[in-house]
1. Too long at a 31 Å Cα-Cα cut-off: which of A:Lys70/B:Lys402; A:Lys20/A:Lys183; A:Lys68/B:Lys406; A:Lys85/A:Lys195; A:Lys20/B:Lys20; B:Lys35/B:Lys105?
2. How many partner chain Cβ atoms sit within 10 Å of a residue's Cβ in peptide A:61-74, on average, as a whole number?
3. Sum -39500 (n - 2.57) across every DSSP H segment of at least 4 residues in chain A, then divide by the residue count to get the 222 nm mean residue ellipticity, nearest 500.
4. With a probe of 1.4 Å, find how much accessible area the stretch A:203-246 has per residue, and write the answer as a whole number in Å².
5. Which value in nm describes the separation of the simple spin-label points at B:Lys20 and B:Ile40, placed 7 Å from the Cα toward the beta carbon?
6. When you count, for each residue, the other Cβ atoms within 10 Å and take the mean per peptide, how do B:268-281, B:135-148, B:78-91 rank with the highest first?
7. Summarise the partner chain shielding of A:166-174 as one whole number: the mean count of Cβ atoms from other chains within 10 Å of each residue's Cβ.
8. From the protein chains alone at 1.4 Å, what is the descending order of accessible area for A:Val143, A:Val61, B:Val491, largest first?
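The values are calculated or read from the model by the stated rules, or taken from the named source; none is laboratory data. These figures come from a predicted structure and were not determined experimentally. Reconstructed Cβ throughout: ideal geometry from the backbone, glycine too, with neighbour counts over all protein chains shown. The protein model used for the area step is the full one, side chains on, heavy atoms only, and it has no ligands, DNA or RNA in it. Shrake-Rupley method; radii C 1.70, N 1.55, O 1.52, S 1.80 Å.
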Amino acid sequence: MSSFDIEFAAITDIGKIREKNEDNVLISSDLGLGVVADGMGGHSAGEIASNIAVSVLAETVRKVNNGKLKIPPTFLPKLDDTERKILMAANLANAAIYSTAQSSEIYKMMGTTLTGVIFDKNFATAVHVGDSRLYLFRNDKIVQITTDHSLAMEHVRRGLLTRAEADRSKIQNVLTRAMGIKKNIEFDLLKFPIKEGDVLLLCSDGLYKGLRESDMARILHTGRDMAIVKLCRSLVRESNDKDGQDNISAVLIKILPAKTITFKQRLKRFFHRG
Amino acid sequence: MSENSSLVGTNISGCEILNKVAEGGMGSVYKARHKALNRIVCVKILSPSLANDKKAVELFLTEARAIAELDHPNIVNVYNVGKEKGYYFIVMSYIEGQTLSMMLKKNKVLPIGLLLDLFEGVLLGLNAAHEKGIIHRDIKPSNIIITPQGQAKLLDFGIAKKVDKEKGSTKTTELAGTAYFIAPEQALGREIDIRADLYSIGASLYYVVTGHFPYNGKNTIEIIQKHINDPVPDPAKIRKDIPGWLSLAIQKLMSKNPDNRFQTAKETYDHFKKMRAEDLLRLNVGNAGRAIDLGEESSLKIVKEDRLTAESIRRQRVKDREDFAKPVTASSSRLPQMPQLDALGKDLPPAPEPVQSTKTPSVQLPSAENVKPVNVYTPNKKPMIMRGTITKTAADMAKDVKTLLKLVIFVPLFLAFAGGITYLFHALGKVSSVHVSGSDGLLHNLVAPFIASQYEPNQMLLTGLAAAALALIFASSTIKAFSRSTTTLLVMAFVAYLAGLFTPNVPFMELANAGEFIFTPEYYLCFLLFGLAWAISLCWTINRSVAQGILGASLIIFCMVMAYLASHLAIAPNITMLPIKLIFYLSIIFGLMAAYYLASRQSKDSIFAPFLLTLLGVAGVWVYTTSGLAGELSGTMDIFVNRIDVKSSRAAASNARVEDALGIKSNRKFFAHFDRTTELTNKDSEELNAFFEEQTRRIAPNLITPETKPLYFNFLRRYYRGGNASMRLAVWEYALSYPIANFNKNAQNNNAYFFLLALLYTFGTLSCMGTLLFGDEL
């Protein structure tokens, strides 16, 4: 459990033109987990893929927490427990999507992005694949923590395109890595310390296509005293107003100081597993 | 797809589907017979997963219609296109041939003359399409089919276009175009024109000529980025018999900047024609050996690209030539031995080292397909190692040994630690018992035993030691092995203290009466029931909290104490009374419900309901066990009180008046009890006792002994002051608390405390071992 008090909010919006919402979000304060998944594939396969991704991830984390599922000692022993936990959960989710995809012709090409963050003590551990993003808003500055696994961003990394070119590029939506496409995929794993007052934003590509990073920073700055749910909603609404070509999802996580808890809460916590 | 395979035998657009020929990402290709024309055709059905995608369908149809208009000998003819029976289809001419990639696979090395013939056809077809404004976007050897007559036809026009033309931009993991042949601008996602197709022509030509992909890498991205960034490779470095002009033409086609390529397919075609004619001329005039003609090549503008310049290419070429004794003629029809390669890059093949035309290859090049991603985790390959599974690797063995070592160290340590604490607190209790005095107040009894210093051993010292032991217990919770035993240790300390306080004369750990307790049947049943609830709460529940564990453990101890105490009543429960029976069965049901709640998934986070139910169950069992005593006492008092005469008085009259005023006539009998009390209400305790003595002597001389006298007089007092109901309540109060009240009084004669201590000792040791063996799972 984190040594901070953490507030979560999540919103997903279908956007203006799409017929389906293929995004899935999940927040769980008792697991200290926030996830965004953006599905792809015909029919309703995208929705299914992203749904499997978030649910299997959360369920695995829960099982590991409860001791119902043990991480094999041979599984990446050099990482710390939280990292192994989230990485195993992500791998299981990928395996689940892959096997579902193989089970039917309709689901054959389905896949999903996944960006999740889990909190433990003073650290946030992010697992990431695809082009959803994790931003950290600290001291009024917004920083993208994850790197997109899109062809455009691959080019940017090699210096073949500029960032601005990539944002306009037609190959922006060509992913180089995604869940469900292969049996084994590589996940990015990032661990970073968090501080009081940090705001973490997990979002699908729909959000950042409508909002520039400066816009996000402005909204997060002006709304710093707002309820986090409202803030999350205003981010999504503004992106939808500006673009709205895709599904828009956002998970907003606010790190608050560990507050002194009342007797009732303490009692409640005592009777519930932390 | 099942719905697709069932298509065989059906009619689509007047064609009878015969059998499936191929299947790709876009859909399936069937061989079919056109009924009206009685001709074999090819029907391509759009994959059902794309059929819902309106934009994809629209493009599929527009593109197919445009191709249908073309009617060029080098483009596969399209006869019909549309939608029928829910399927989007294209009817094309059926070509009994093989694709260029299949051909390369079969023949290993293809003669350059033949390849040039084929590509000239391809270029003509492409030019026709380009004139219509259609860009192919996915030119590769497997999209070029060769008829038995040796004519090349272009396949799969514009279908790849779907993905990047779409405005809504569907997310995908596939790039339009094939990585091995993709133009840099296409790979960068820029606007593309017909010159992108020319790049792919160049790359395809490179591949079929040399048997190597122009760029190879461990994954698609790397290949794509090499297309964008790496210098253009020289095909002549791999295949020596390639004419110089062709090598340069391929490099020109593969220029990074579209402006540096040939600008149209026609221009390329013309260049090929011209150079081949010159080759032929040179062959005729005996200049066969020197395929390079610098003068001729100067018309080809090779623009400097990265490290290679036209000049450096030429120098390299000349150098290579010098090593090359007897070159084969450019248009030679001999088939040099080259390994097979597939344009798709599937099931790959040993690739050749730069060969000198007839040599067999010996070096195997890495291919994109052979390189797998870093294997992070394979759930299927490595099954979860569950609790208790014994694995035999050396590391695991070492771990086992380590665990064993820990067990050997920590379990005896725990036993010693727990024993020491038990002894210390027992001693403290023993000494404290000296200082407890019935005549002193509660506060004195709570404080004095710990600070009294007039006797030996010094109380202060013992108290200090006990406090230090408590601190040690808390500190020990940081040791992993002891972490789960802290509560047990604390309870042990407390029980040991009580044991010392109340049973100073009983030898330590004496368990003489255990058998009697355990085999008292109905209490044993209750014990089992609550034991089960405890076990479930500790082991089975999802999301079991620490509190649940503690609660379960404490409840079971509580139940055991109750059962033990009740077993010492020696009075059978009053089973003749229906309410008592009902209470007993209800309590059993409560206990079962508690167990159910603790075990069920739905209420996994709830602890209050099972807690309440367990308490109710315990209370029910308790009432049942003490009902015998209560019934007996009550019966005795009934005989006694019925014989008491009560005179009527002034007070009785006043009560009657109150009753009338309140309209209570029906309860006269109840209020009559008050009449009886009036005679005694004003008397003090002394007088009351004298009255009771006289009455008992008169009515039941043998009923009351000196020991039971205060008890019976207490009941009688309640009777006279509150009536029959009040007395019954007092009787029940007494019966319910009797076992507990007698527990400590008779402590010298029972071993409950020691039994509990032994149990706790075992629990503690087990949990310590469990923690060591199973870590967090316990």
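1. A:Lys20/B:Lys20; B:Lys35/B:Lys105
2. 4
3. Computed mean residue ellipticity for chain A: -11000 deg cm²/dmol.
4. Averaged over the residues of the stretch A:203-246, the accessible area is 46 Å².
5. Spacing of the two 7 Å Cα→Cβ label points: 2.0 nm.
6. Those peptides, ordered most packed to least, come out B:135-148, B:78-91, B:268-281.
7. 6
8. Descending accessible area places them as A:Val143, B:Val491, A:Val61.
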